[in-house]
Each structure stands twice: as structure tokens, then as C-alpha cells.
1. Sequence neighbours fewer than 8 away in the same chain don't count; with that in mind, list the lysines whose C-alpha is under 25 Å from residue 199.
2. Need one number: nm distance between label points at residue 146 and residue 282, each 7 Å from Cα along Cα→Cβ, rounded to one decimal.
3. Under a 10 Å cutoff between Cα atoms, tell me which one of 325, 57, 121 has the largest fluctuation in the Gaussian network model of the chain.
4. Quick check: Cα centre of the range 151-188 to Cα centre of the range 199-258, how many Å?
5. Kindly point out which whole DSSP H helices in the chain project their C-alpha atoms 20 angstrom or further along the helix axis while averaging a Kyte-Doolittle hydropathy of 1.0 or above.
Amino acid sequence: MVKFSTNATVARARALHGKRLTEADYRELAGRKSVSEAAEYLKKSTSYSAALSSVNTATVHRGYLESVIRRYSFDRYINIVDFQQLRKDQFYNYLIVLSEIREILSVILHINADSSEDYITAMPAYLIGKTGINLIELAKAKNIKEMLAVLRHTRYYPVLKTIAVDENGHVDYLNCEIKLRTFYYQWLMDTINKELPKKTAEELLTQIKTQIDLINIINAYRMKKFYGLSSAEIDKKLLPFYRKLNKKSKTELFENENSEEFLKAFSKTYYGREIDFDNSENFETEVRKLRSKMARRALAFSQSAAVSVYSLVLLDELEVDNIITVIEGIRYGRSADNILSMVIPT
């Protein structure tokens, strides 16, 4: 456990958050006519200027621009956790663990699509040497058996070793994702309880469990709207943790016959009273806004370095998602108003 004062990390997290893109920045970006124009604005007028300094915005490809932005976000995480050498506590390595899980899931997606050889080009090069997984060896895996061989001595092998492989060499991706994300959150919460002071642990666990509730609500809504799944079927596909969304609340919400009834029931819940959605079209956006609102609130008022770092990283990832949303909107010729309606304030 870190023994010294981490007030400087709290202040630094707030200072870094102060460099976030503003509403005016998003309006400027959404009004651009091409990916190149958007990249030029990010390079000339925002905190991404250093990250994009060597990028030729006139010829930049959308995929490369996205990778540069993601690397910038990851580097900010490394910057803040190394600022006071906080990674002596395992908790502060949580984004490394989450990144490892994301890469394993990416490999599984590529194997299921019979395009395992394409993973090497999708793999974030900036993670090489920073994870506990040999990503180069992982990229060579042509099937699930070879992937598991690479993971043999990692914390993920016990999680995935019993997954069923069908006659085509494919696995149930959603099942793998649930297993890995359940493992991640259990590891995260166990680490928090073990390493952090009780008050900090309680504050951080409240935020994490709230975020899990909101993730589960979005996923449950999708399953009800697009697949009409039953309450029992939905519950099996969600993360098994909660803050307010306990078994009774989930049953009352998920047993509604369709997505419209789901939304009516949701509006009467603890979280439903926190947001204002006009219709099903903006429901997911409004739930994501609530995720951001709660992280911003925690960052503004918490005196804990752990809470501040966790909140900042969550907000940084939401900002990256916003930029990608804007770039995709420009690419497909959507109006500025339409693009801005999908942007989450951070």
C-alpha cells in the first residue's frame, strides 16, 4: 500500500481533465467536412497537438488517427500512475489488465472470423512490452488452442481453458467476454479491498458498481429491444455485480414484454430518475451521459488518488469514443447536429 500523501496526484488528475475537449471543440470538429480537416483541428487547436505533431493530416487514414488518439489516452494513464510511482500497488495497474483482456477478446474475434492473421495489424503496438502477455506470440495464434498455449502461464488461462470449441474452430464470443470481464471486475474489487484504505475502497467500489449497473442496463435494453430475450436469458449475459440493480430490481425491469415497457419501468428506478430521455432513440446516450456525470462528480470532489485516477481514465476513454464518433459521423456524411447528439460531455 502506498504510504505517502497522494494529494499531488489528485491535483494532477484534475489538471489533466481541465485539458479535455470542450463543447466548442466538438462543434468545431462536427462541422468539418473530412477526416483530414478534423485531424488538422485536433492537431492545431487541442491538447492532442503533441500526439499528432508528426502526423500528416492531409493524408491520415481514419484507422491510424484512431490509434494515435488511443495511444495518447493510454500514455496519459501511464503518466499519472507513474507520477508518484503508484503502480507499486496492483490496483493502479488495472488498465493494463483491462487492456490485456481487450486484446484477448480481439484475438478471439479474429479467430472466429477466420482471419487470425489480421490481428497483428489491429494490435496496439504501444502495448508491446507493457503487458504481462507476449502480444507478439499472441498475434501468431491461428486457433484457440494456440491462443491458450500463449496464455498458459497467465491469470487468464484458468478463465478460458474450458471454453467449448465447435467443429469450425470457433467459440462463443459473448461467453468468453462475460467470463473475462467478470474475472476482471472480481480481481479489481478484491485488489481494492486488499490494498486501499477502507474509506477509499468504499468510495471507489460505489463508483465501480454504479458503472457496472449502467453497463448492465444498456446491455439488457439492447437484448430486450433487438432479441426479445427473457429475464432469465438476459441475466445470464450480464456482469454478476451490482450497486442498486439487485436481483429484485433486475427481475422487475427485465420481465417487461418489450423495450417500450422496459423504458417505462426504468424511468421509475433510481437511475431512471437521474436522467431525462425523450424516447428510445436517445436512451443509450443518456445512460452514457450519466456514467460520465458520475465520474466527473467523483473527480471534482474526491480527495483520493485512486478515485481520481479511475475517474480520469474513464472520462478519457469516453472522450476517445467521442472523437471516434465524430470522425465516423464525418466519414458517413452525417449532419453536425446529428453527430453532436451522440457526443457525451466529459
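Read-outs throughout are calculated quantities, based only on the coordinates presented, and are distinct from any laboratory measurement. Source: prediction; values computed, not measured. Note that we place each Cβ from the backbone using ideal geometry, even for glycine, and neighbour counts take in every protein chain shown.
1. Result set, ordered by chain and number: 3, 88, 209, 244, 293.
2. 4.9
3. 121
4. Rounded to whole Å, the Cα centres lie 21 Å apart.
5. Qualifying helices: 94-112, 305-331.
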